[in-house]
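Participant: I have a structure I would like to understand better, so I am pasting it below and will then ask my questions one at a time.
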Amino acid sequence: MDGITITGATTLDELWGVVGALADVCASAGAHLPEEELKALQVGKVAEEAGEAMHALHGLKGLTTCTDRHDWDEVGNDLTGAVLASMIALRYVHGEKAPEVFTTVLQRRTRRGREVLEGAA
């Protein structure tokens, strides 16, 4: 990730630049695997990161058998990991078009949300 620095507020374009660099690092590490397997493993990474957030939440609420202490910062850290893993997976699946696909889905989902909220009013 040479040349990529994250400081302060990051634009979505800058974030996608970081995601692209991270995806390249991951793809390089998995270069010995078929492309479809890399995609599947990255989607699995999303589930792993989300599971870690859930584990931290359970620990925060005292619902685990381990003695680890958890807090909201750890939950937030794991949620951020899940978001990044999701964006990297999206990059694996859609390549350079990932930001465009993300924006399209975001617009569609926020429009649907607005429509639901407007219908409830």
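Every number here is computed from the coordinates shown, using simple stated rules; none is lab data. Keep in mind the model is a prediction, meaning the values are calculated, not measured. Glycine gets a Cβ as well: all are built from the backbone with ideal geometry, and neighbour counts include every protein chain shown.
Participant: Send over the per residue convex hull volume for the range 64-111, Cα only, as a whole number of Å³.
Facilitator: Details: hull volume 5.4 nm³, N = 48.
Expressed per residue, the convex hull around the Cα atoms of the range 64-111 is 112 Å³.
Participant: Between LYS97 and ARG112, how many nm apart are label points set 7 Å from Cα along the C-beta direction?
Facilitator: According to this spin-label approximation, the distance is 2.0 nm.
Participant: If we restrict to alpha carbons, what Rg and Dmax does the range 42-88 come to, in Å?
Facilitator: 10.9, 32
Participant: By its C-alpha gyration tensor, with a ≥ b ≥ c as the square roots of the eigenvalues, how is the chain shaped: rounded for a/c under 1.5, else prolate for a/b larger than b/c, else oblate?
Facilitator: Details: a/c = 1.64, a/b = 1.07, b/c = 1.53.
Oblate is the answer for the chain, as a/c is 1.5 or above yet b/c matches or exceeds a/b.
Participant: Can you list the HN-Hα couplings for the range 49-54, worked out from phi with the Karplus curve (6.51, -1.76, 1.60; θ = phi - 60°), rounded to whole Hz and with x for Gly and Pro?
Facilitator: 5, 5, x, 5, 5, 5
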